[in-house]
Amino acid sequence: MHLIPLPALADNYIWLMHDDDGNAVVVDPGDATVVERALAARQLRLRAILLTHHHPDHIGGAAALRMQHGVPVYAPVDERIDEATEQVRDGDLINLASPQTLLEVIAIPGHTLSHVAFVGAGLLFCGDTLFSLGCGRLFEGSPAQMLTSLDRLSRLPPETLVCAGHEYTEANGRFARTIEPGNPELQKRLQEVANLRAQRLATLPVALTVELATNPFLRVDSKVVAAWCTQRGIDTDRVTRFAALREAKNGFSG
């Protein structure tokens with residue numbers, strides 16, 4: 001299986017997955033034109049569309065692609081997603097014949113209430129819930145919901161590759177450095193990110209094990225994050241710590 005992040009819109013990634021026989025799946029196609037160009041350039045046939053949540057920058061091209069290619073559109077149960085032909089829920093399995101792939105659906109509310117992730121073939125398509133060195137804003141869910149969602153993703157096999165929906169890694173890294181300035185794994189990741197972006201290359205996918213060692217939103221139970229909260233008079237409850245991190249990131253301009 002081959003995986004390609006397609007840059008789209010301002011900073012989105014549309015994920016294109018295909019096999020050696022030319023069968024392809026796209027995840028969160030916010031722009032149909034980007035997908036059509038990629039399919040044509042690689043002589044691929046689109047077989048399915050996966051949507052993680054309802055935001056326009058993730059579903060904007062789905063209707064045109066479905067009409068052009070006549071393929072199923074798998075999406076969470078949400079009346080705001082008109083393009084869905086197959087509604088999926090937590091625990092559902094999507095068994096694609098071509099490319100031959102088995103994907104599990106995981107409900108991960110927080111960014112939106114109906115947000116889902118697709119996990120399979122060693123890949124995690126997590127939309128706007130988990131980013132490299134960061135996490136999504138809480139537009140609809142609560143801090144407790146988002147933390148529970150991140151906890152679920154954290155328990156996936158550490159070698160799982162995180163395929164997030166945006167190229168936010170550099171900006172997230174600047175914030176992460178303020179939380180754990182002495183984290184050697186974070187410093188290593190920041191250098192890697194700087195090198196990749198200097199070449200205009202994607203910082204994704206990234207192994208979950210790297211995120212567990214560097215992403216402050218996955219490290220609310222670490223001593224360093226707890227100390228950061230204590231210095232600010234924040235309660236030691238882990239949900240409160242997470243909420244404080246998210247609020248600090250919301251106002252961060254470094």
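The values are calculated or read from the model by the stated rules, or taken from the named source; none is laboratory data. Everything numeric here is computed off the predicted structure, so don't read it as measured data. A quick note on method: Cβ atoms are made from the backbone with ideal geometry, for glycine too, and the neighbour counts reach across all protein chains shown.
Suppose the filter is modelled with pLDDT of 95 or more, hydrophobic (A, V, I, L, M, F, W, C) and out of contact with any strand residue (DSSP E or B) (no Cβ under 6 Å at 6 or more places or on another chain); does Phe139 pass it? The answer is yes for Phe139.
Here the condition is being touching an Asp or Glu at 6+ places or on another chain (Cβ under 9 Å) and either of a type outside the set (Ser, Thr, Tyr) or on the phi < 0 side of the Ramachandran plot (or both); of Val220, Val224, it holds for Val224 alone.
Restricting attention to the range 125-134, report how many residues are farther than 10 Å from Glu211 by Cβ and in contact with a helix residue (DSSP H, G or I) (Cβ under 8 Å, 6 or more places away or on another chain). Write out each step before concluding.
The initial filter retains those residues of the range 125-134 that are farther than 10 Å from Glu211 by Cβ, namely 125-129.
Remaining after also requiring in contact with a helix residue (DSSP H, G or I) (Cβ under 8 Å, 6 or more places away or on another chain): 126-129.
Number satisfying all stated conditions: 4.
Mind listing just one residue for me: the one in the range 1-47 that is among the acidic types (Asp, Glu) and in contact with a Phe, Trp or Tyr (Cβ under 9 Å, 6 or more places away or on another chain) and, of those, farthest from Gly60 (Cα to Cα)? My answer is Asp11. Residues in the range 108-133 that are of a type outside the set (A, V, I, L, M, F, W, C), part of a loop (DSSP other than H, G, I, E, B), touching a strand residue (DSSP E or B) at 6+ places or on another chain (Cβ under 7 Å) and more than 22 Å from Thr169 (Cβ to Cβ): Ser114 alone.
So that you can scan it fast, the table gives a plain yes or no per residue for (1) closer than 15 Å to Asn250 by Cα; (2) in contact with a Pro (Cβ under 7 Å, 6 or more places away or on another chain); (3) of a type in the set (Ser, Thr, Tyr):
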residue: Leu133; (1), (2), (3): yes, no, no
residue: Arg137; (1), (2), (3): yes, no, no
residue: Ser142; (1), (2), (3): yes, no, yes
residue: Arg155; (1), (2), (3): no, no, no
residue: Tyr168; (1), (2), (3): yes, no, yes
residue: Ala171; (1), (2), (3): yes, no, no
residue: Phe175; (1), (2), (3): yes, no, no
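Only residues that are touching a Gly at 6+ places or on another chain (Cβ under 8 Å) and surrounded by fewer than 24 Cβ atoms within 10 Å (Cβ to Cβ) were counted in the range 113-139, giving 2.
Only one of Leu201, Leu196 is free of Cβ contacts under 8 Å to residues at least 12 places away in the same chain, hydrophobic (A, V, I, L, M, F, W, C) and within 17 Å of Ala8 (Cα to Cα); which?
Numbers: Leu196 fails: within 17 Å of Ala8 (Cα to Cα).
Going through Leu201, Leu196 in turn, just one is free of Cβ contacts under 8 Å to residues at least 12 places away in the same chain, hydrophobic (A, V, I, L, M, F, W, C) and within 17 Å of Ala8 (Cα to Cα): Leu201.
Of all residues in the range 206-239, those being in a helix (DSSP H, G or I), under 23 Å from Thr169 (Cβ atoms) and small (Gly, Ala, Ser) number 1. Of the strands (runs of 3 or more DSSP E) contained entirely in the range 1-107, those carrying at least 3 residues that are under 18 Å from Asp128 (Cβ atoms) and without any contact (Cβ under 8 Å) to a residue 60 or more places away in the chain fall at 73-76, 101-107.
Picking from Glu247, Glu211, Glu159, Glu167, which residue would you name as being among the charged types (D, E, K, R), under 27 Å from Val116 (Cβ atoms), surrounded by fewer than 18 Cβ atoms within 10 Å (Cβ to Cβ) and in contact with a strand residue (DSSP E or B) (Cβ under 7 Å, 6 or more places away or on another chain)? Talk me through it step by step, then tell me what you get.
On the way: Glu247 fails: in contact with a strand residue (DSSP E or B) (Cβ under 7 Å, 6 or more places away or on another chain); Glu211 fails: surrounded by fewer than 18 Cβ atoms within 10 Å (Cβ to Cβ); Glu167 fails: surrounded by fewer than 18 Cβ atoms within 10 Å (Cβ to Cβ).
Going through Glu247, Glu211, Glu159, Glu167 in turn, the sole match is Glu159.
Against the test of being under 20 Å from Leu161 (Cα atoms), of a type in the set (Asp, Glu) and touching a helix residue (DSSP H, G or I) at 6+ places or on another chain (Cβ under 8 Å), the options Asp19, Asp28 yield a single qualifying residue, Asp28. Just one residue in the set Ala63, Ala84, Ala75 is among the hydrophobic types (A, V, I, L, M, F, W, C), within 22 Å of Arg45 (Cβ to Cβ) and out of contact with any strand residue (DSSP E or B) (no Cβ under 7 Å at 6 or more places or on another chain); that residue is Ala63.
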